[in-house]
Amino acid sequence: MLYRRFGRTELQMPVFSCGGMRYQFKWEDVPNNEIPADNQANLEVTIRKAVEVGINHIETARGYGTSEMQLGRILPKFPREKLIVQTKVSPKADAKEFRATFEQSLQNLQLDYVDLLGLHGINHAESFDDSIRPGGCLEVAQQLQAEGKVRFIGFSTHGSTDMIVQTINTNLFDYVNLHWYYINQWNWAAIEAAKRHDMGVFIISPSNKGGLLYEPPQKLVNLCAPLSPMVFNDLFCLSHQEVHTLSVGAAKPEDFDEHLKTLELVDRASEILPPILARLEEEAIATLGEDWVKSWETNLPTFNQTPGEINIRVILWLRNLAIAYDLVEYAKMRYNLLGNGSHWFPGNKADGRLDELDLRQCLTRNPHADKIPQVLAQAHQMLAGEAVQRLSKT
């Protein structure tokens with residue numbers, strides 16, 4: 001395993017972390033005796049495999065249903081000082097509720113303290129205010145830190161880059177969990193801000209949200225050769241020293257195997273990546289057109305600046321991925337979250353209301369203003385399906 005200094009925490013963080021979203025029994029709490037023995041056994045062998053290969057950072061959240069409680073059966077069996085345990089609790093309007101929720105997490109985990117506590121989902125102004133204001137959730141987290149129940153405090157986010165940078169620039173957090181990988185590099189400015197504040201940087205779900213890379217389309221396989229799309233994406237992320245760890249949401253012990261192939265390549269990333277990156281860009285240009293590839297994002301409005309709160313940027317991005325790399329299933333999954341994802345994935349689809357909306361004013365500064373309404377309609381036709389709910393509603 002390779003390790004990187006996790007910002008000002010000074011923790012030696014493995015470059016892969018064991019994320020706790022995919023191996024738990026249910027997304028809601030259930031009594032301990034209702035957890036099937038085979039599910040618990042699989043979780044425990046997955047954790048043992050992680051620790052065996054040097055992945056000693058175990059990450060979960062109160063919002064991950066039975067994950068914490070199931071981890072509580074296995075984590076106390078390891079020497080505590082050998083583990084880095086992170087859980088996350090969503091900001092609450094009532095800071096007392098935040099504390100009570102954290103205390104439940106600690107009880108579930110059967111630990112005296114966690115190394116990392118993340119405020120889970122500082123995604124918009126309301127969650128920012130609930131966290132930062134006097135008497136808010138951050139103050140409670142700091143009290144927990146003073147009591148020895150938390151070592152370091154961070155935040156996780158699915159928010160806009162501006163929102164993330166604003167939160168980082170408070171200089172009140174030790175680390176950040178955020179999205180950033182090859183197909184979505186929008187948050188690079190936030191990673192640069194985190195570096196300026198010497199914060200740890202944890203990349204959320206690079207394989208799942210980074211393109212459903214456990215089952216990549218053949219076209220992407222071909223474009224990423226000789227690497228698998230998963231190893232390419234891992235190597236792309238880890239080739240940037242500002243990135244400290246990538247979450248591996250393992251559902252079973254074997255899920256680590258492909259990721260581990262990346263380790264021996266990190267020192268040669270500057271030699272291995274350029275031909276693959278060039279192929280990916282060439283294919284995007286060949287399928288979408290150079291003018292579009294280089295300028296489609298220019299001066300696009302945010303969803304809350306757009307009639308009907310249509311999330312134009314996300315929709316065009318998903319369409320691009322579907323066309324250029326055959327990431328159709330991924331694009332459909334993400335597209336059909338629009339309208340159902342609240343502040344975790346905001347904005348609406350380009351559905352039947354499109355004909356009733358006048359988008360001209362909000363697109364005046366984009367070079368493709370004339371054709372974007374038609375492209376949005378095509379994207380909806382390509383990607384629309386049944387509405388998708390977030391895995392966790394917390």
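The values are calculated or read from the model by the stated rules, or taken from the named source; none is laboratory data. This structure is a prediction, so every number in the text was calculated from the model and none was measured. All Cβ positions, even for glycine, are placed from backbone atoms using ideal geometry, and neighbour counts span all protein chains on display. Just the protein is used for accessible areas: all its heavy atoms, side chains included, with ligands, DNA and RNA removed. Shrake-Rupley method; radii C 1.70, N 1.55, O 1.52, S 1.80 Å.
Identify which of Arg268, Arg334, Arg73 has the largest mean-square fluctuation in a Gaussian network model of the chain, with springs joining Cα atoms closer than 10 Å. Among Arg268, Arg334, Arg73, the largest GNM mean-square fluctuation belongs to Arg268. Per residue, the convex hull around the alpha carbon atoms of region 1-111 comes to 109 Å³. Taking 0.890 mPa s as the viscosity and 25 °C as the temperature, the Stokes-Einstein diffusion coefficient of the chain based on its alpha-carbon Kirkwood radius rounds to 112 µm²/s. Shown for region 334-389 is the translational diffusion coefficient from the Stokes-Einstein equation, using the Kirkwood radius over Cα pairs, a temperature of 25 °C and a viscosity of 0.890 mPa s: 201 µm²/s. Local charge for Pro307 was computed over the other residues whose Cβ lies under 14 Å away, with Lys and Arg +1 and Asp and Glu -1, and equals -2. For the chain, the solvent-accessible area works out to 42 Å² per residue, with a probe of 1.4 Å and every protein chain left in place. Given R0 = 51 Å, the distance between the Cβ atoms of Lys219 and Ala146 translates into a calculated FRET efficiency of 0.45.
Using only alpha-carbon positions in region 62-181, the gyration tensor eigenvalues give semi-axes of 24, 15, 13 Å once each is multiplied by 5 and square-rooted (largest first). Just to be sure I understand: of the beta bridges DSSP finds with both ends in the chain, what percent are antiparallel, rounded to 5? Looking only at bridges with both residues in the chain, the antiparallel portion is about 15 percent. With bins 10 Å wide beginning at 0, the percent of Cα pairs of region 190-240 falling in each bin runs 24, 44, 22, 10, 0. For the residue pairs Lys219/Lys332; Lys49/Lys82; Lys88/Lys149; Lys209/Lys252; Lys26/Lys252; Lys195/Lys294, alpha carbon separations beyond 21 Å are given by Lys195/Lys294.
If you look at the Cα atoms of region 284-333, you get an Rg and a Dmax of 11.8, 32 Å.
With no solvent and one point per C-alpha, what does the Debye sum give as log10 I(q)/I(0) for region 246-301 at q = 0.16, 0.24, 0.31 Å⁻¹? Listed by q, the Debye log ratios stand at -0.78, -0.90, -1.15.
In this Cβ point-charge picture (+1 for Lys and Arg, -1 for Asp and Glu), the chain has a dipole of about 320 debye about its Cα centre. In this structure, the amide hydrogen of Ser156, modeled 1.01 Å from its nitrogen in the peptide plane, lies closer than 5 angstrom to those of Leu119, His120, Gly121, Ile122, Asn177, counting only residues at least 5 positions away or on a different chain. Given +1 at the Cβ of Lys and Arg, -1 at the Cβ of Asp and Glu and no other charges, the dipole of region 1-138 around its Cα centre is 440 debye to the nearest 20. Remark on region 192-297: hydrodynamic radius 15.2 angstrom, per the Kirkwood mean of 1/r across alpha carbon pairs. With the cut-off at 1.5 for a/c, could you classify region 127-191 from its C-alpha gyration tensor as rounded, prolate or oblate? Prolate.
Please report, as a whole percent, how much of the solvent-accessible surface of region 307-384 comes from carbon and sulfur atoms (probe radius 1.4 Å). Summing carbon and sulfur atoms, their accessible area is 46 percent of the total for region 307-384. Remark: relative contact order (the chain) = 15 percent; criterion is Cα-Cα distance under 8 angstrom and separation of 6 or more residues.
Against the main long axis of the alpha-carbon atoms of the chain, helix 312-325 sits at an angle near 90°. Just tell me which aspartates and glutamates come within less than 18 Å, Cα to Cα, of Lys96; anything on the same chain fewer than 8 places away is out. Once the sequence-local aspartates and glutamates are set aside, what remains near Lys96 is Glu126, Asp129, Asp130, Glu139, Glu147. For region 87-130, the Kirkwood estimate of the hydrodynamic radius, built from every pair of different alpha carbons, is 11.0 Å.
From its DSSP helices (H runs of at least four residues, each -39,500 (n - 2.57)), the chain gives a residue-normalised ellipticity at 222 nm of -11500 deg cm²/dmol. Its Kirkwood hydrodynamic radius, worked out from the mean inverse distance over all distinct Cα pairs, puts region 295-394 at 13.6 Å. Per-residue 3J(HN,Hα) values for region 229-239, derived from phi via the Karplus relation 6.51 cos²θ - 1.76 cosθ + 1.60 with θ = phi - 60°, read x, 5, 5, 4, 5, 4, 5, 4, 5, 6, 6 Hz in sequence order (x marks Gly and Pro).
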